[in-house]
């Protein structure tokens, strides 16, 4: 038996780059070897280790749902050494991939449920994969609500896609709600003027005031910073969504992605988790039970 | 069938036993290192081996996960990562204590089960492990952690029962050594088992340190906001010595080093420490454990947890022995349990 080192990456080529904001790029990559492509089966919420030769690797969440289409789409914020190097690459350049890692969102458990998606900032990237998955299998899921909070229009990610859902989503039963923090933002002020029951000034948690009552058939799926999770969980509690039906994805320092290097460890003696292997998707119940998680 | 798996080896035959081990590979055994310490080093004769040692500073984990090692080399022009050719040298670890055997069993769970680390796997496959019994000193508490006796994870294990060793066989490789050397390993005498039990009982009664592990996981959870962490966080120097000497600590960092030609280089893996400031730091500048008290709390919760279905501590006492700030593992755990102030 040929043993393959689990830390060995495979080569992929960048096939598309779009500037999303001043610090975020939308990058599509394709595996060089078709067998790597075939082997690569993933669920929304899983992540890869993306590397640049000579620089290093960084954990990056996949922001698509798997389809026949071959490209793997990633939203990459220029935040550290590796992502800075990725931002300097061009179409045709090579990157190195390991994964997919982590548990991902249990999409098949959500079948028949209403989905309440809540995203803040860069946390929208994995949520986009969840939404794509649900839209690709639209009849298998109930009502879908997307709540997205941004600082301003310039920092909004997947602008065109989300505004498309915002304006036309009702026709395929996706209600989109937007919140913005910069009260001088002209674009959002315009959106609010047109649809003040869908777009308001404030934090993403303020959008819960606009929602219809939810019932126990709702599954909430969150992507954002830990502070958003704490406050969103309180709002969801008020709406009657139980903690085991609230799913969130976490970020930690990760070197290996396979539960060995120890950096992503979180919790206490009673409940201790590797975010890379046991997560990165956890429920609100896990967060209550595992101290230090959010 | 006991007769197959239990033999006796006279202490006078140790040099011959050592020669047999040498035929199976380079022998690493505890030797005296400086005034007080011991270290697993390559030895060529039995004379240098100190089987009567308390603990080595660095545990046998160093033989399986190197403190620093190249996991790949790369070439940017050729666009290729290459695994370095792994040595095929046969190795023998002679004189491993039960606590360290238990530690290796946990490392095997982490590095061999779900994602098999090829380096670890290769090294374990070509290493023969011979354990040896020991008696507790002022720092040992392996009786509490359930690791004072090893029943697996070795080829052979030597129990000192006075004039001779009771030899326990732990693997087919071990059995082969026994059967190939019938003149060296003899059948048990009439009193050998009684003598073994007497020695074991005396050993188990001679522990000076202990900690109740049952329920410790919950006590740690209840102490999440305790002042204890601040108190010891202020004392901790953040040097990471406790992690280096711990036989079950396995955190590693990965770093890419590029050569001066800017084309070739290597990806290096090295032991890392959860007590260092950047252990929880992510890109963008957020640190999930920015303060010393958060890091020491994380370490103790990790040690006390049952993450791999066993405590992450084997009671070897190394972290307490080698802490330059004299932070005592059991002192903290005893405060966590509310046994002392």
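The values are calculated or read from the model by the stated rules, or taken from the named source; none is laboratory data. Just so we're clear, the structure is a prediction, and the values are computed from it rather than from any experiment. Because the Cβ atoms are built from the backbone with ideal geometry, glycine has one as well, and the counts that use them run over all protein chains shown.
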*Hey, can you tell me all the residues within the range A:33-59 that are within 20 Å of residue A:87 (Cα to Cα) and touching a residue at least 24 places away in the same chain (Cβ under 8 Å)?*
A:47, A:48, A:49, A:50, A:51, A:52, A:53, A:55, A:56, A:57, A:58, A:59
_I need a count of the residues in the range A:198-232 that are surrounded by fewer than 22 Cβ atoms within 10 Å (Cβ to Cβ) and assigned to a helix (DSSP H, G or I)._
9
*asked:* Being facing another protein chain (nearest Cβ under 8 Å) and in contact with a helix residue (DSSP H, G or I) (Cβ under 9 Å, 6 or more places away or on another chain) is the filter here; which residues of the range B:270-283 pass it?
replied: B:272, B:274, B:279, B:280, B:283
*Tally time: how many residues in the range A:276-292 are free of Cβ contacts under 8 Å to residues at least 60 places away in the same chain, surrounded by fewer than 21 Cβ atoms within 10 Å (Cβ to Cβ) and under 20 Å from the mean Cα position of the chain (by Cα)?*
2
*In the range B:54-97, which residue that is without any contact (Cβ under 8 Å) to a residue 12 or more places away in the chain and outside any loop (DSSP other than H, G, I, E, B) is nearest to residue B:138 (Cα to Cα)?*
B:82
*asked:* Looking at A:49, A:69, A:41, A:25, can you tell me which residue is touching a strand residue (DSSP E or B) at 6+ places or on another chain (Cβ under 7 Å), more than 14 Å from chain B (Cβ to nearest Cβ) and either assigned to a loop (DSSP other than H, G, I, E, B) or within 19 Å of residue A:94 (Cα to Cα) (or both)?
replied: A:25
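Against the definition (over 27 Å from the mean Cα position of the chain (by Cα) and either at pLDDT 95 or above or not in a strand (DSSP E or B) (or both)), how does residue B:165 come out, yes or no?
No, not satisfied.
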*Are any residues in the range B:301-319 more than 8 Å from every other protein chain (Cβ to nearest Cβ) and assigned to a helix (DSSP H, G or I), and if so, which ones?*
B:303, B:318, B:319
*Hits in the range A:1-16 - residues which are outside any loop (DSSP other than H, G, I, E, B) and out of contact with any helix residue (DSSP H, G or I) (no Cβ under 9 Å at 6 or more places or on another chain)*: A:13, A:15, A:16
*Does residue B:289 satisfy the condition of being within 12 Å of another protein chain (Cβ to nearest Cβ), assigned to a loop (DSSP other than H, G, I, E, B) and under 30 Å from residue B:119 (Cβ atoms)?*
yes
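Picking from B:127, B:145, which residue would you name as being touching a strand residue (DSSP E or B) at 6+ places or on another chain (Cβ under 6 Å), more than 18 Å from residue B:51 (Cβ to Cβ) and surrounded by 19 or more Cβ atoms within 10 Å (Cβ to Cβ)?
On inspection, the qualifying residue turns out to be B:127.
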*Restricting attention to the range A:264-277, report how many residues are at the interface with chain B (Cβ under 7 Å from one of its Cβ atoms) and out of contact with any strand residue (DSSP E or B) (no Cβ under 8 Å at 6 or more places or on another chain).*
3
*Scan the range A:220-232 for residues that are out of contact with any strand residue (DSSP E or B) (no Cβ under 6 Å at 6 or more places or on another chain) and within 20 Å of residue A:106 (Cα to Cα) and jot them down.*
none
*Meets criteria (within 14 Å of residue B:329 (Cα to Cα) and outside the structural domain of residue B:57 (by TED's automatic domain parsing)) for residue B:252*: no
